[in-house]
Amino acid sequence: MQHDPAVITGICRAVELAIERAVRLSPGTATQLQGLHPLDVAIHCTEPTISIFAFIDAAGMVKLASYRETKPTVAIEATWRDFGKLATAADPAAALINGDIKISGDTAALLQVQRVISDLDVDWEAPLVDALGPLLGHQIANIVRAIVHGTKSTHRRVKRQLSEFILEEGRLSPSAGELDAFFSDIDDLVLRADRVESRLTRLKKRVSTLVETVK
Amino acid sequence: MNTQDNQSDETTDFGFEQVKKGEKAGRVREVFDSVADQYDVMNDLMSGGLHRLWKRFTIELSAVRSGQTVLDIAGGTGDLAAKFSKLVGNDGNVILADINAAMLSVGRDRLIDKGALNNISVVQADAQFLPFEDNSIDCITIAFGLRNVTDKDTALRSMHRVLKPGGRLLVLEFSKPTSPLLSKIYDAYSFAALPIMGKLIADDADSYRYLAESIRKHPDQDTLLDMVEDAGFVDCRYHNMTGGIVAVHRGIKG
Ligand SMILES: C[S@@+](CC[C@H](N)C(=O)[O-])C[C@H]1O[C@@H](n2cnc3c(N)ncnc32)[C@H](O)[C@@H]1O
């Protein structure tokens, strides 16, 4: 599939603006970002082939581009599907290691930038939905969120919030072990739900092919 | 414009009209004299803001670095020049060139407003006869300008001459939509809607009719690619954008 550079460029601009807005609200981040210049991250997606480059300019602004010739500090490469899997993985670290996502170059730099950006409160959803519509926009926002925050840290945050909630309410104070068990149950549940969902999709497909043949 | 041209009976296209080669530049000038003030607003309106993305991708393809010299020919009101000015920094140079004094003067004002003039020089020049030294420029861009030039081959050769070896040319121009359906919609839009918008906003339907017609007369992707190659460029390729409504051609001076 041939993609349209104008579309990718539009997405880049939208995300860039979203980050810009968030950075403006968090002045400390701008300085931290400036400290990371020159940093170039290349994200290569195959099937369909789309590359997006994120870099930090001298003023500490995060810039995105669909074409760039500067040698990247670090490159991430995967199929669209694998990026998707990463976005929905219960354990992105495992997805990274076991999946087919290739990371080359200076991974430490990637972690640094992730640390800075993941503290930012960026509204990924709105600009991407604006640019791409609700379906694709939402899906890509999920991927971006997963790359930037890592589902793991979201998990951790949920975990913390939940345990705070539980403690505050004083109803019960489970041990860390209990909580862990609780969360791995949830993970299992999510996994099972995923499996059920894909079975449903398969079934739906079979039904519709059956209907077609009967017709 | 040289006088020889004026006397020649050879004709060229001016939109869908045929005019004497010597007359085209004057007619094109009238068009841009008349649209200069409203040009930026119309650009946004007519393309729904898309021209910004087309230009942005063109700038990405330029891979311009700090310290370089960039020429934006047919640069009009200077929006590419302003972007390049940031990229080349204080050690670099940007030349905003156009044949039309009215466009350049709007451009100059705009650049002053943006505080971007310190590394930009503004030069009135014809793309066919660039008044710059051979091998002096790292990158040349011409955005939505080539179709207005009387002799495109002469212009491309002139750009080749002033580029440094390894230097890069980028031509951003309307082209041929790749799907027949899009082509039809686009025709309807540009022949019916553009002149009306032009009339309503800039009170100038004729100029916008010329713009629509000149787009159709412009060589398609592959023809322009051949022309860029014939002018001596190597590593030539193009990228379609928005379904081929525009394309950006790239050539390198070997
Ligand atoms: C449609 S405008 C494009 C302006 C600007 N590059 C942009 O993309 O918004 C076309 C410009 O080409 C200029 N032009 C036409 N013929 C030219 C020539 N022979 N040499 C240089 N510029 C020319 C016109 O004066 C006008 O400013």
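Computed from the coordinates by the stated procedures, all read-outs in this text should not be read as laboratory data. Here the structure is a predicted model, which means the values were calculated and not measured. Glycine also receives a Cβ, built like all others from the backbone with ideal geometry; neighbour counts cover every protein chain displayed.
In percent, what relative contact order does chain B have, based on Cα pairs under 8 Å that are 6 or more apart in sequence?
It rounds to 19 percent for chain B.
In Å and on Cα atoms, what radius of gyration and Dmax does chain B show?
17.2, 48
Just to check I understand the Karplus step: with θ = phi - 60° and J = 6.51 cos²θ - 1.76 cosθ + 1.60, what whole-Hz values come out for the stretch B:179-184, glycine and proline as x?
After applying 6.51 cos²θ - 1.76 cosθ + 1.60, I find 10, x, 5, 4, 4, 5 Hz.
With an 8 Å Cα cut-off and a minimum separation of 6 or more residues, compute the relative contact order for the stretch B:103-254 in percent.
Normalised by residue count, the contact order of the stretch B:103-254 is 25 percent.
How high is the relative contact order of the stretch B:13-162, in percent, with contacts defined as C-alpha pairs under 8 Å that are six or more residues apart?
In percent, rounded to a whole number, it is 24.
Applying 1/(1 + (r/R0)^6) with R0 = 51 Å to the Cβ-Cβ distance of A:Arg81 and B:Leu200, what FRET efficiency is obtained, to the nearest 0.05?
After rounding to 0.05, the efficiency reads 0.60.
Rg (Å, one decimal) plus Dmax (Å, integer) for the alpha carbons of the stretch A:5-119?
14.2, 38
Please give the length that would be gained between B:Ser47 and B:Asp187 if that part of the chain were fully extended, namely 0.36 nm times their separation in residues minus their C-alpha to C-alpha distance (nm, one decimal). Mind dumping the intermediate values first?
Values: separation 140, 0.36 × 140 = 50.40 nm, distance 1.36 nm.
That works out to 49.0 nm of additional length.
When the gyration tensor of the stretch B:147-254 is built from Cα positions, what are the square roots of 5 times its three eigenvalues, in whole Å, from largest to smallest?
30, 16, 10
Stick to Cα atoms and the Kirkwood definition of Rh, then tell me Rg/Rh for the stretch B:78-170.
Numbers: Rg = 12.9 Å, Rh = 13.6 Å.
With Rg and the Kirkwood Rh in hand, the quotient comes to 0.95.
Rounded to the nearest 0.05, what FRET efficiency do A:Thr201 and A:Thr46 have when you use their Cβ-Cβ distance and R0 = 30 Å?
0.80
Under a 5 Å amide H to amide H cut-off, with H placed in plane at 1.01 Å, what residues pair with B:Thr178 once short-range neighbours are removed?
Under 5 Å from the amide H of B:Thr178 lie the amide H atoms of B:Gly244, B:Ile245, each far enough along the sequence or on another chain.
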